[in-house]
């Protein structure tokens, strides 16, 4: 291989690496902004709000789960998790009263009905 051919291959690899780094960096930045926005929206939801108010603030949920606890019908409403959070964004709604009893916005913010 000639020196100019080696340089050409080297510069091609460097250029590809830089483009990949820029692309992945922009994607991570965008995801970080979305996570921050999700947390801010989640914090707007208060204990005692209705299920409809939650949907109005957060949009359509990713998943819902109906269950009973101590004879009370409940619904857990799930939204996407903030990046690296061990707990998904979620709300617990009492189906009889239709009111929020618990708000969890990732790992660092939660509120529960007292």
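Quick note: the coordinates plus some simple rules give every number you see, no bench work behind them. The shown structure was predicted, so the numbers you read here are calculated from the model rather than taken from an experiment. All Cβ positions, even for glycine, are placed from backbone atoms using ideal geometry, and neighbour counts span all protein chains on display.
I need a count of the residues in region 35-59 that are loosely packed, with under 14 Cβ neighbours inside 10 Å, touching a strand residue (DSSP E or B) at 6+ places or on another chain (Cβ under 7 Å) and without any contact (Cβ under 8 Å) to a residue 60 or more places away in the chain.
1
Kindly provide the set of residues from region 66-87 that are surrounded by 12 or more Cβ atoms within 10 Å (Cβ to Cβ) and more than 16 Å from residue 37 (Cβ to Cβ), ordered by number.
72, 73, 74, 75, 76, 77, 78, 87
Taking region 59-89 as the search range and keeping residues that are assigned to a strand (DSSP E or B) and touching a helix residue (DSSP H, G or I) at 6+ places or on another chain (Cβ under 9 Å), which one is farthest from residue 45 (Cα to Cα)?
Filtering region 59-89 for residues that are assigned to a strand (DSSP E or B) and touching a helix residue (DSSP H, G or I) at 6+ places or on another chain (Cβ under 9 Å), the one farthest from residue 45 (Cα to Cα) comes out as 75.
Return the residue satisfying two criteria in turn: it lies in region 98-114 and is in a loop (DSSP other than H, G, I, E, B) and in contact with a strand residue (DSSP E or B) (Cβ under 9 Å, 6 or more places away or on another chain), and of such residues it is surrounded by the most Cβ atoms within 10 Å (Cβ to Cβ).
105
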